[in-house]
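Have a look at the structure below before the remarks.
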Amino acid sequence: MASVTVRLVPEGEERSVEVGEKGVRVRDLVKMLGLNPESVVVLRDGAPLVDTDIVKPGERVDVVRVLSGGRVG
Amino acid sequence: MARCSVCGAPAVAYIRYQRRYLCREHYLEFVEEKVRRAMEKYRMVGKGYRVLVALSGGKDSAALLGALASLREKLGYELVAIHIDLGIYEYSVRSREAAERLAEKLGVPLIVVPLKEVLGATIPELAKLSGRPPCSVCGMVKRYVTNAAAVELEADALALGHNADDLAVYNLKSFLNQDLEAISKLGPKTESVPGVAVGRIRPLYTVYEKESFLYAYLKGLPFVHEDCPFVENQQMERQLKEVVNRLEEERPGTKVQLVTKLALRIRDYPRPRGEIRRCKACGLIASGDLCALDRLTLRIFGEPRGPRIREWIRERARELGLIPRRAAPAPAS
């Protein structure tokens, strides 16, 4: 079975996600991780990917959780 | 590979609620255009305005200063920035460094207020001494110091980096608590009260949190990407943020509609009761005899320390040649 490697940022945790031979759409990958596409940015080699981009088996991506700042004063 | 809907270059972002793909250049333009439109629509600034920008060191204040710097010639205002070193361990060290690098990169004069030196205690120390939660003390201190700096600098507006997600979440939280007076403060801007309070503006009012991150990232702006150690996962704000994002996922455009409609109806919410008063110790805005900061510092240090903060900022502003101010602004158009 083919897989892609995902690094969760800022936690730093790495996960291997099983995908088909053709790879996986970014949007589907994020959902497979149990995350909402609205709250993360996915980077490959530092470049942002869009929902429909394909991550191929053997590739590594960073899934960056968009952190909220302080309180509204 | 997805292509930019404007120019056909490789896309770096998809704006679901507009069904548009954008390349780096058109994405930066898209966010700056959102900021410009909000500033014009809500009359946040006028020509010759001095805008004080509050920098936390995080992505939103980076995006805020980045967008404001890009628009400053077109809209004709002057920028000054302020960062408060809160003394929250290594988090504050990294935040301060990011704020300093950001201001330098964008050519904006920066005043750094080290809380330990200026007020005599850090946020963790103030929380311990007062017996109040750190986030509550921190919010109060930040409101005080940014307003004091805006008054001392004779700024016409104080710009805050609250994004559409923040406002949607605080709107819902206040609604759940039926704190309608709190909702009345969530508009795109508040008015100045001459001599005691400078009006606050929120240029990122319609910019999504994710858009703000991507803007700061693509523009190569320095920012810290970590949570404050005092933030807890159980905080209602976090849970509501997830709820709002689930709605956005199902119904793209929910957040922008919510804040736009909120801005339209903001005047229908009741204002907090009680008259606006001048603090007897420091002279700034207060709801009683003393402002919240002077009440707290009087209780824990035996003296109100607002005047000391004001004096410190005034001296720093003089050193930087920011006061006395020369040009007078035109009214917001």
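The values are calculated or read from the model by the stated rules, or taken from the named source; none is laboratory data. Since the structure is predicted, the reported quantities are computational estimates derived from the model, not experimental observations. For neighbour counting, all protein chains shown are included, and Cβ atoms are generated from backbone atoms with ideal geometry for every residue, glycine included.
Descriptive notes on the structure:
- Within region B:1-18, considering residues that are of a type in the set (V, I, T) and touching a helix residue (DSSP H, G or I) at 6+ places or on another chain (Cβ under 6 Å), the one surrounded by the fewest Cβ atoms within 10 Å (Cβ to Cβ): B:V6
- Annotation: of all residues in region A:15-70 being touching an Asp or Glu at 6+ places or on another chain (Cβ under 8 Å) and of a type in the set (A, V, I, L, M, F, W, C), the one that is farthest from B:K59 (Cα to Cα) is A:V26.
- If you go through region B:154-195 and keep only what is among the hydrophobic types (A, V, I, L, M, F, W, C), away from chain A (no Cβ under 14 Å) and over 23 Å from B:L240 (Cα atoms), you end up with B:A155, B:A157, B:V193.
- When the test is whether a residue is under 18 Å from B:L221 (Cα atoms), surrounded by fewer than 21 Cβ atoms within 10 Å (Cβ to Cβ) and either in contact with a helix residue (DSSP H, G or I) (Cβ under 7 Å, 6 or more places away or on another chain) or modelled with pLDDT under 95 (or both), B:S70 passes it.
- Of the strands (runs of 3 or more DSSP E) lying entirely inside chain A, those containing at least 3 residues that are of a type in the set (A, V, I, L, M, F, W, C) and under 11 Å from the mean Cα position of the chain (by Cα) are A:2-9, A:40-44, A:60-65.
- All positions within region B:238-257 that are crowded, with 18+ Cβ neighbours inside 10 Å and under 29 Å from B:P134 (Cβ atoms): B:L240, B:K241, B:V244, B:N245, B:K255
- Test: residue in region A:37-46 that is out of contact with any strand residue (DSSP E or B) (no Cβ under 9 Å at 6 or more places or on another chain), within 30 Å of B:P134 (Cα to Cα) and at the interface with chain B (Cβ under 8 Å from one of its Cβ atoms): yes
- Which numbered condition B:E315 misses (of (1) without any contact (Cβ under 8 Å) to a residue 24 or more places away in the chain; (2) in a loop (DSSP other than H, G, I, E, B); (3) not small (G, A, S)): (2)
- A:G73 being at pLDDT below 95, out of contact with any Phe, Trp or Tyr (no Cβ under 9 Å at 6 or more places or on another chain), within 14 Å of another protein chain (Cβ to nearest Cβ) and farther than 19 Å from B:Y14 by Cβ: yes
- Of note, B:L218 satisfies the criterion of being touching a strand residue (DSSP E or B) at 6+ places or on another chain (Cβ under 8 Å), of a type outside the set (D, E) and under 23 Å from B:C23 (Cβ atoms).
- Candidate set: region B:79-101, residues that are closer than 20 Å to B:M39 by Cβ and in contact (Cβ under 8 Å) with a residue 40 or more places away in the chain; chosen: the one surrounded by the fewest Cβ atoms within 10 Å (Cβ to Cβ): B:V80
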